[in-house]
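J.: After the structure tokens below, expect a handful of questions from me.
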Amino acid sequence: MKMTKVFLALLVAGTVSFVSCKPKDADVKASVDKVLVINPDYSNAVVTVTDGVATLTGEVKDDATKAALEASVKNVKGVKSVVNNTVVPAPVAPPVIAADDPLTAAVKDATKDYPGVMATVKDGVISLTGTIEKSKLVKLMQALNGLNPKSIDNKLTVK
Amino acid sequence: MTLTEKYKPLTDAAAASGVSDLQVREQDNVLYIDGVAPNGEVKDQLWAKYGEIDPNFTGGDLVLDIKTSIDANVTKVKVTTESSNLNIRKGPGTDQPIVGKAAHGEVITLVSRANEQWWQVRTADGEEGYAYAQYLTPEA
């Protein structure tokens, strides 16, 4: 009888300690999520926790952020190790802006067949004045947009 | 409304119509959309979309640089001027002397594409030089 009680007690204790292991990953994840929420740079990162191993996925803006995120997550209580699978997106190349001299020459070529159109170039900006027929406008604009201008200041009067 | 939102119908159409190397970025209040359209029709459709958003292209806030993909094997181009003859010049530029002319509608030989604006061509008479690429349409 006494042995049964001891056995039962052991069984209950064992079950409790076994069960108490299980929600631990969830608790650790919750703690890591708190870290992710604090820093807006981490807003696109996602964590999963399995047996104390925190796996990070999603996107971060640069390598420094990626390293900082990993270090922060390592410090979270209950995290044994971190697998950092976050990715840094490829940088977007800035637009190419033509220098004024080649741009001026190219604009001259492109506007040659539009006698009513006056064009000047300054600091990469093509300025258009004069008049043009509606039917020819798209063709002219297509040509000018292909010359890598900074922008086009179109003050043409469309007939 | 941000520029990205303003031109979203255009960028969506570009993505949906098979434009490759599509890049959309904003700098100093100008949106730059670059890409290569599979053919001239797609390019014209995208320009029509641009026209729906800004009918006379006066906003000054978009540079739409859509090039047309051209098969490297193309050797014949048609002169698609409005009606006039096309000047063939010694070098790539309108400051270069005229060395020949190709008639409107004539099909001539494409020698090489020197740059986006000027292509090297040869007429049936053997006149060789540079012509403005906008007036040349690749023959299938």
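Computed from the coordinates by the stated procedures, all read-outs in this text should not be read as laboratory data. The shown structure was predicted, so the numbers you read here are calculated from the model rather than taken from an experiment. Cβ: placed from backbone, ideal geometry, glycine included. Neighbour counts: every protein chain shown.
J.: Farthest toward the dipole's positive end in the stretch A:31-159, which of A:Ile97, A:Val49, A:Pro115, given Cβ charges of +1 (Lys, Arg) and -1 (Asp, Glu) about the Cα centre?
T.: Looking along the dipole axis, the top candidate is A:Pro115.
J.: Counting only the backbone N, which residues of the stretch B:73-96 are under 13 Å from the spot 7 Å out from the Cα of B:Ala124 toward its beta-carbon?
T.: Answer for the stretch B:73-96: B:79.
J.: So what is log10(I(q)/I(0)) for chain B at q = 0.10, 0.13, 0.19 1/Å, when the Debye sum runs over its Cα atoms only?
T.: -0.42, -0.66, -1.04
J.: Let me ask something additional. About the Cα centre of the protein assembly as shown, what is the dipole size in debye to 20, counting +1 per Lys and Arg Cβ and -1 per Asp and Glu Cβ, all else neutral? Working shown, then result.
T.: Details: 33 positive and 37 negative charges, 244 e Å.
That gives the protein assembly as shown a dipole magnitude of about 1180 debye.
J.: Between A:Asp153 and residues 5 or more places away or on another chain, which pairs have amide H atoms under 5 Å apart, with H built 1.01 Å from N, and which residues are they?
T.: For A:Asp153, the qualifying residues are A:Ile126, A:Ser127, A:Leu128.
J.: Now, a different point. Which value, in nm² and rounded to one decimal, describes the direction-averaged projected area of the C-alpha convex hull of the stretch A:21-159? Mind dumping the intermediate values first?
T.: Numbers: hull surface 50.2 nm².
So the mean shadow area of the Cα hull is 12.5 nm².
J.: Run the dipole for the stretch A:100-155 about the Cα centre, Lys and Arg Cβ at +1, Asp and Glu Cβ at -1, nothing else charged, and hand back the magnitude in debye, nearest 20. Please report the intermediate quantities before stating the final value.
T.: Details: 8 positive and 7 negative charges, 43 e Å.
Result for the stretch A:100-155 is approximately 200 debye, rounded to the nearest 20.
J.: Mind checking the dipole of the stretch A:54-126: about its Cα centre, +1 per Lys or Arg Cβ, -1 per Asp or Glu Cβ, Debye to the nearest 20? Can you show the working numbers first?
T.: Working: 8 positive and 9 negative charges, 112 e Å.
It works out to roughly 540 debye.
J.: Which FRET efficiency value, to the nearest 0.05, is calculated for A:Val138 and A:Asn39 with the Förster distance at 45 angstrom and r the Cβ-Cβ distance? Show your work: numbers first, answer last.
T.: Numbers: r = 47 Å, r/R0 = 1.06.
Once rounded, the FRET efficiency stands at 0.40.
J.: Taking a cut-off of 35 Å, what percent of all Cα-Cα pairs in the protein assembly as shown are separated by more than that?
T.: Values: 19516 of 44551 pairs.
Counting every Cα pair in the protein assembly as shown, those more than 35 Å apart make up 44 percent.
J.: Related question: Is the shape of the stretch B:90-140 rounded, prolate or oblate, going by the alpha carbon gyration tensor and its root eigenvalues a ≥ b ≥ c, with a/c under 1.5 for rounded and a/b larger than b/c for prolate? Walk me through the numbers before you get to the answer.
T.: Numbers: a/c = 1.61, a/b = 1.16, b/c = 1.39.
Oblate.
J.: In whole Hz and in residue order, list the ³J(HN,Hα) couplings for the stretch B:48-62 that follow from phi through the Karplus curve 6.51 cos²θ - 1.76 cosθ + 1.60, θ = phi - 60°; x for Gly and Pro.
T.: Coupling constants for the stretch B:48-62: 5, 4, 4, x, 5, 7, 9, x, 10, 6, 9, x, x, 10, 9 Hz.
J.: For the stretch B:1-110, which GluC sites (Glu not before Pro) are in a loop by DSSP, counting at most 11 other Cβ atoms within 10 Å? Could you put the intermediate results ahead of the total?
T.: Details: sites: B:Glu5, B:Glu26, B:Glu41, B:Glu52, B:Glu82, B:Glu106; in loops: B:Glu82, B:Glu106.
Hits after loop and neighbour filter: B:Glu82.
J.: For n ≥ 4 DSSP H runs only, could you compute -39500 (n - 2.57) per run for chain A, divide by its residues and tell me the 222 nm figure to the nearest 500? Kindly include the intermediate steps, with their values, before the conclusion.
T.: Values: 4 runs with 73 residues, N = 159.
Theoretical 222 nm ellipticity from helices: -15500 deg cm²/dmol.
J.: Given R₀ = 25 Å, FRET efficiency for B:Thr68-B:Arg25 by Cβ-Cβ distance, to 0.05? If you can, show how the numbers build up before the last one.
T.: On the way: r = 21 Å, r/R0 = 0.85.
It comes to 0.70.
J.: Grab the beta carbon distance between B:Ser83 and B:Ser112, set R0 = 25 Å, and tell me the FRET efficiency rounded to 0.05. Working shown, then result.
T.: Working: r = 27 Å, r/R0 = 1.08.
So the FRET efficiency works out to roughly 0.40.
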